[in-house]
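A short worksheet on the structure shown next.
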Amino acid sequence: MAFNSIETYGGDKNKLFVSGHSAGGHLAALVATDSSYFTAAAIKNPLKGVIVIDAFGLDMHSYLKTSNEPGDSIYFPTFSHSEETWKKASPISHLNSNTPSFLLFMGTHTYPGIKKDYAIFYPALKKVQPNASLILQKRKNHYEMIFQFLNPWNKSFDQILDFMKNPN
């Protein structure tokens, strides 16, 4: 198993972080909050922290239950029409006192659905993780939120490195 050979490659099992943008942010948050993925691998959730960048899907249940956007039918092949599946696929449903530390980034010019998602997820996260941080990036849209990382002098790199040094 790759987890058991991390040290072979210079890694440290006690310093594992995951990150993702958009749907990748949803998946990073889901694997970090839903320990069933690690239970299936017979290990305790080893993640120290999660960096979520302009993610969509942090509360798929609320989104799909209240959405009346015709274009949202694209989500049903993945998430089905089952509210129970929507809850299981929502990181917000798995938040608890053992949730790894979160650092959230959101562009102020991102999609309305992402803004709505963060408005629900961030307060719920703060209840179990009072030190969680949300960094709003002014004038950045959804695409700029990831393209900014092409610039090696971007201050977000420093914010991420600071978080990884002290995720609590």
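Scanning segment 72-128 for residues being at pLDDT 95 or above, of a type in the set (Val, Ile, Thr) and open to solvent by 60 Å² or more (accessible area, probe 1.4 Å) gives a total of 1.
So for segment 10-19 (the condition being in contact with a Phe, Trp or Tyr (Cβ under 9 Å, 6 or more places away or on another chain) and either of a type in the set (Ser, Thr, Tyr) or crowded, with 19+ Cβ neighbours inside 10 Å (or both)), does at least one residue qualify? Looking through segment 10-19, none of the residues is in contact with a Phe, Trp or Tyr (Cβ under 9 Å, 6 or more places away or on another chain) and either of a type in the set (Ser, Thr, Tyr) or crowded, with 19+ Cβ neighbours inside 10 Å (or both).
Which residues, counting only those in segment 1-18, are touching a residue at least 40 places away in the same chain (Cβ under 8 Å) and either within 26 Å of ILE114 (Cα to Cα) or β-branched (Val, Ile, Thr) (or both)?
Of all residues in segment 1-18, those touching a residue at least 40 places away in the same chain (Cβ under 8 Å) come to 1, 3, 15, 17.
Residue satisfying the conditions is PHE17 alone.
Here is a yes/no grid of residues against (1) in a helix (DSSP H, G or I); (2) at negative phi:
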| residue | (1), (2) |
| --- | --- |
| GLY24 | yes, yes |
| GLY57 | no, no |
| THR78 | yes, yes |
| THR85 | yes, yes |
| ASN96 | no, yes |
| THR99 | no, yes |
| MET106 | no, yes |
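Any residue at all in segment 32-45 that's in contact (Cβ under 8 Å) with a residue 60 or more places away in the chain, on the phi < 0 side of the Ramachandran plot and part of a helix (DSSP H, G or I)?
Initial filter on segment 32-45 (in contact (Cβ under 8 Å) with a residue 60 or more places away in the chain): 32-35.
Add one more test, that the residue is on the phi < 0 side of the Ramachandran plot, and what stays is 32-35.
Remaining after also requiring part of a helix (DSSP H, G or I): 32-33.
Yes - at least one qualifying residue is present in segment 32-45.
Of all residues in segment 127-158, which are part of a helix (DSSP H, G or I), of a type outside the set (A, V, I, L, M, F, W, C) and either farther than 25 Å from SER97 by Cβ or touching a residue at least 60 places away in the same chain (Cβ under 8 Å) (or both)?
HIS142, TYR143, GLU144, GLN148, LYS155, SER156, ASP158
Of the listed requirements (1) modelled with pLDDT of 95 or more; (2) exposed (fewer than 14 other Cβ atoms within 10 Å of the Cβ), TYR37 misses just one: (1).
Being among the basic types (Lys, Arg), open to solvent by 60 Å² or more (accessible area, probe 1.4 Å) and closer than 18 Å to LYS115 by Cβ is the requirement here; does LYS65 meet it? Yes: the conditions hold for LYS65.
Applying the criterion of being in a loop (DSSP other than H, G, I, E, B) and in contact (Cβ under 8 Å) with a residue 24 or more places away in the chain to the residues of segment 159-168, the residue that is nearest to VAL18 (Cα to Cα) is PRO167.
Mind checking whether some residue in segment 55-72 is within 18 Å of PRO167 (Cβ to Cβ), among the hydrophobic types (A, V, I, L, M, F, W, C) and out of contact with any Leu (no Cβ under 6 Å at 6 or more places or on another chain)? Checking segment 55-72: at least one residue is within 18 Å of PRO167 (Cβ to Cβ), among the hydrophobic types (A, V, I, L, M, F, W, C) and out of contact with any Leu (no Cβ under 6 Å at 6 or more places or on another chain). Checked against (1) of a type in the set (D, E, K, R); (2) part of a helix (DSSP H, G or I); (3) closer than 25 Å to LEU16 by Cβ; (4) touching a residue at least 40 places away in the same chain (Cβ under 8 Å), LYS48 meets all criteria but (2). In segment 20-31, the residue that is farthest from ASN98 (Cα to Cα) out of those that are surrounded by 21 or more Cβ atoms within 10 Å (Cβ to Cβ) and touching a residue at least 40 places away in the same chain (Cβ under 8 Å) is HIS21.
The values are calculated or read from the model by the stated rules, or taken from the named source; none is laboratory data. Quick caveat, the model's predicted, so the values are computed rather than measured. With ideal geometry, Cβ positions are generated from the backbone for all residues, glycine too; neighbour counts draw on all protein chains shown. These accessible areas exclude ligands, DNA and RNA; they are computed on the full protein's heavy atoms, side chains included. Shrake-Rupley method; radii C 1.70, N 1.55, O 1.52, S 1.80 Å.
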